[in-house]
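Taking it in order: structure first as structure tokens, then the write-up.
The values are calculated or read from the model by the stated rules, or taken from the named source; none is laboratory data. None of the values given here were measured: they were computed from a predicted structure. FYI the Cβ positions are ideal-geometry reconstructions off the backbone, even for glycines, and counts take in every protein chain you see.
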Amino acid sequence: MELNQYAFGIDIGGTNTKIGLFDQDGKLLGFKKMPTLKEVSPAEFVERLSQESEMLLQSIGTIVLGDSRIVGVGVGAPMANYFTGRVEFAPNLGWRDVPLKKLFEDFFKCPAVIENDANLAAIGEKKWGSGKNLNDMVLVTLGTGVGTGLILEGKLYRGHDALGAEGGHILIPHSKNRPCSCGGINHLESYLSSKGIQQTIKEMTNQDWSVEELGEHFHQGETIAINVINQIAQELASGLATMGVLFGPQAFILGGGVSKLGDSFNKILKNKLEEVIHFSLRGKIAIITATLSSDKGAVYGGAAHIFDEVNK
């Protein structure tokens, strides 16, 4: 690897998009967060991202897009297909059949790789974060949606046509019959997405707390908040128990908004998981908080992925 190589990691979320500029050691050199522009075409949006990325480059010196020191851009997006380079349908973005890889290569003038955002977060944690010493792990991101990234025997698992390991759409037993953003009913995402959690909060407290506010009330020991936390943990444990028997991971690594609840939430979740998982796995799967960043995991992972792709 040449010295002074750089890469972009970009996480296109249902609400916001994050851009990170990294060096080859995983050091974050510049960062930008902006709203995901759903009112413009995907091409116009990627062009805007390239303009914002040019400004990040200016912060480290006289370097522009197209410079040979920029090895590429790793992009996380909902329903992104690594093999085809396209997003066939992303409900949270309103995108259909978008040639995302080509758009990024055209506007950024460098190689691009696209992945499901949770896959990227898993790659980042494996390369630079809390998954460094793990060969088998599931990264669970809890944000606008619920995503999972699966590392098996040290490698990212994508499944046929990049459609595997979509843990957010595991069916969980529940009396509510809540719709998921994809149109299904009682998917894990129905309850653990930010919208799902806020709906649970409203139903149980008649309050409009954010996840952060829920955490504050929880850490202050308020009974009503503790009850909500226990409900959320029970629902998440139902999904993790299914993933556990399918993949046998060493750990579940939590990223996204709920991960900010910290170790106290992890302990409750661990207890709930032990109650419902198959007896052969009890006490064998750790619950860990993502260490790269609770909200930048896919950004780190995008850079990690493109470095690995172009330098292998």
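Structure values in brief
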read-out	value
Segment 64-86, subset surrounded by fewer than 17 Cβ atoms within 10 Å (Cβ to Cβ) and among the aliphatic types (A, V, I, L, M), residue nearest to ALA118 (Cα to Cα)	LEU65
Condition check for LEU29: more than 15 Å from GLU309 (Cα to Cα) and buried (at least 17 other Cβ atoms within 10 Å of the Cβ)	no
Answer from LEU49, LEU100 - the residue that is closer than 21 Å to GLY145 by Cα and free of Cβ contacts under 8 Å to residues at least 60 places away in the same chain	LEU100
Unique match (being free of Cβ contacts under 8 Å to residues at least 40 places away in the same chain and surrounded by fewer than 21 Cβ atoms within 10 Å (Cβ to Cβ)) among LYS267, LYS260	LYS267
Among residues of segment 234-257, those that are touching a residue at least 60 places away in the same chain (Cβ under 8 Å), crowded, with 21+ Cβ neighbours inside 10 Å and over 16 Å from GLY196 (Cα atoms), counted	7
Out of ASP161, ASP106, ASP97, sole residue that is out of contact with any Gly (no Cβ under 6 Å at 6 or more places or on another chain), over 14 Å from ALA298 (Cα atoms) and modelled with pLDDT under 90	ASP161
Selection count where residues are farther than 17 Å from GLY131 by Cβ, in contact with a helix residue (DSSP H, G or I) (Cβ under 8 Å, 6 or more places away or on another chain) and small (Gly, Ala, Ser), scope segment 215-261	8
Top-ranked residue in segment 21-73 [being part of a loop (DSSP other than H, G, I, E, B), within 21 Å of the chain's Cα centre (by Cα) and under 22 Å from LYS102 (Cα atoms); ranked as modelled with the highest pLDDT]	THR36
ILE185 vs. criteria in the same structural domain as GLU213 (by TED's automatic domain parsing), β-branched (Val, Ile, Thr) and out of contact with any helix residue (DSSP H, G or I) (no Cβ under 8 Å at 6 or more places or on another chain)	yes
Test result for GLY14, within 17 Å of ASN311 (Cβ to Cβ), within 23 Å of the chain's Cα centre (by Cα) and either assigned by TED's automatic domain parsing to the domain that holds ILE306 or assigned to a loop (DSSP other than H, G, I, E, B) (or both)	no
Segment 200-213, subset buried (at least 17 other Cβ atoms within 10 Å of the Cβ) and either among the basic types (Lys, Arg) or more than 21 Å from the chain's Cα centre (by Cα) (or both), residue nearest to ALA225 (Cα to Cα)	ILE201
Segment 264-311 - residue that is farther than 11 Å from ALA241 by Cα and of a type in the set (Lys, Arg) and, of those, modelled with the lowest pLDDT	LYS296
Residues located in segment 234-255, provided they are of a type in the set (A, V, I, L, M) and in a helix (DSSP H, G or I)	LEU236, ALA237, LEU240, ALA241, MET243, VAL245, LEU246
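Residues are listed down the side, and each one gets a yes or a no for (1) in contact with a Ser or Thr (Cβ under 9 Å, 6 or more places away or on another chain); (2) assigned by TED's automatic domain parsing to the domain that holds GLN234:
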{"position": "VAL113", "(1), (2)": "no, no"}
{"position": "VAL138", "(1), (2)": "yes, yes"}
{"position": "HIS160", "(1), (2)": "no, yes"}
{"position": "HIS174", "(1), (2)": "yes, yes"}
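Quick grid of which residues meet (1) farther than 26 Å from LYS132 by Cα; (2) surrounded by fewer than 23 Cβ atoms within 10 Å (Cβ to Cβ); (3) touching a Lys or Arg at 6+ places or on another chain (Cβ under 9 Å):
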site	(1), (2), (3)
LEU150	no, no, yes
GLU153	no, yes, no
HIS169	yes, yes, no
ASN177	yes, yes, no
CYS182	yes, yes, no
ILE185	yes, yes, yes
SER190	yes, no, yes
SER193	yes, no, no
GLN198	yes, yes, no
